[in-house]
Amino acid sequence: MKHIHGRILVAGLMMASAAVCIPFGQTAQATASQPAGTQNILEVAATQDPSDFIRGLGDEAISELAGDKVDDSSRQDRFINLMDKYFKMDQVARFVLGRYWRNLSEQELGEFASLLQKYLALNYASKFKDFDGEKFVVGDSSQNKKDIFVNSQVVRPDGPPVKIVWRLREFDGNLRIIDVSIEGISMGITQRDEFASVIQQNGGKVQALTDLLKEKTGSN
């Protein structure tokens, strides 16, 4: 799984996810399963097609990050810029903190979201040096209540395709990514479980997790 996840993130910018799929403490048309009750999208933001939105993410990630001609610092900055453009980081921060985010002020939540972003960039931006030809194929989309799910696949030269589903939500008329599922596993929930463990071990204090992220990212 570790090998597969690393390759997926490079090809599909799951980043993201992926933005939210890093195990804490460790440095054509596609189809995928959707939650029960999903329906075809009837209405989305007038200027944004969900599948095109995700396709644009993949294209920009490869253009901005792939190859060895970009130095590590610039690559991390570009990675963060892409996350700013495509992800709703304050929503991601709430999601991965679970109930604990309610204990934070807006300023504290903003600080955590920024640190999370730096942590993701530090751990995954460099992997784009090794991009070796995987194909990122975006498929159709569906809607369940207020969230939109976009199917995609990473077609690998040395193994079967891997299914990725991107969870989008509209904010002020703009689509943004709030979670990513790889082969049916929500990376946001996985990260939330790992973060919750750190918080619980420190008496329920989110500040302990924030301090740990500061340490890992070299932030003051």
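The values are calculated or read from the model by the stated rules, or taken from the named source; none is laboratory data. All figures in this text were calculated on a predicted structure; none of them were measured in a lab. With ideal geometry, Cβ positions are generated from the backbone for all residues, glycine too; neighbour counts draw on all protein chains shown. For accessibility, only protein heavy atoms count, side chains too; no ligands or nucleic acids. Shrake-Rupley method; radii C 1.70, N 1.55, O 1.52, S 1.80 Å.
Would you confirm whether any residue within the range 29-51 is at pLDDT 50 or above and either open to solvent by less than 10 Å² (accessible area, probe 1.4 Å) or part of a helix (DSSP H, G or I) (or both)?
yes
Considering Gln153, Gln76, which residue is in contact with a Pro (Cβ under 9 Å, 6 or more places away or on another chain) and not hydroxyl-bearing (Ser, Thr, Tyr)?
Gln153
Has the range 55-69 got at least one residue that is within 15 Å of the chain's Cα centre (by Cα) and more than 30 Å from Ser219 (Cα to Cα)?
Residues of the range 55-69 within 15 Å of the chain's Cα centre (by Cα): 55-58, 60-61.
Restricting the remaining residues to those that are more than 30 Å from Ser219 (Cα to Cα) gives 55-56.
Checking the range 55-69: at least one residue is within 15 Å of the chain's Cα centre (by Cα) and more than 30 Å from Ser219 (Cα to Cα).
Select from the range 175-206 the residues that are surrounded by fewer than 16 Cβ atoms within 10 Å (Cβ to Cβ) and more than 17 Å from the chain's Cα centre (by Cα) and list them in ascending order.
Within the range 175-206, Ser197, Gln200, Gln201, Asn202, Gly203, Gly204, Lys205 qualify.
Looking at Phe95, Phe128, Phe112, which is the one that is farther than 22 Å from Ser219 by Cα, out of contact with any strand residue (DSSP E or B) (no Cβ under 9 Å at 6 or more places or on another chain), of a type outside the set (Lys, Arg) and buried (at least 19 other Cβ atoms within 10 Å of the Cβ)?
Exactly one residue qualifies, and that residue is Phe128.
Out of Lys85, Lys69, which single residue is in contact with a Leu (Cβ under 9 Å, 6 or more places away or on another chain) and surrounded by fewer than 18 Cβ atoms within 10 Å (Cβ to Cβ)?
That would be Lys85, the only listed residue that is in contact with a Leu (Cβ under 9 Å, 6 or more places away or on another chain) and surrounded by fewer than 18 Cβ atoms within 10 Å (Cβ to Cβ).
Taking Pro161 as the residue in question, decide whether it is more than 26 Å from Asp77 (Cβ to Cβ), open to solvent by 70 Å² or more (accessible area, probe 1.4 Å) and at pLDDT below 90.
In short, no.
Could you please let me know if Ser142 is over 18 Å from the mean Cα position of the chain (by Cα) and open to solvent by less than 30 Å² (accessible area, probe 1.4 Å)?
Yes: the conditions hold for Ser142.
Asp158 is checked against (1) in contact with a Ser or Thr (Cβ under 7 Å, 6 or more places away or on another chain); (2) more than 20 Å from Leu82 (Cα to Cα) and fails just one. What number does that condition carry?
(1) is the only condition that Asp158 fails.
Looking only at the range 65-78, decide whether some residue is within 19 Å of Phe53 (Cα to Cα) and at pLDDT 90 or above.
There is at least one residue in the range 65-78 that is within 19 Å of Phe53 (Cα to Cα) and at pLDDT 90 or above.
Suppose we filter the range 176-199 for residues that are aliphatic (A, V, I, L, M) and in a helix (DSSP H, G or I); how many remain?
5
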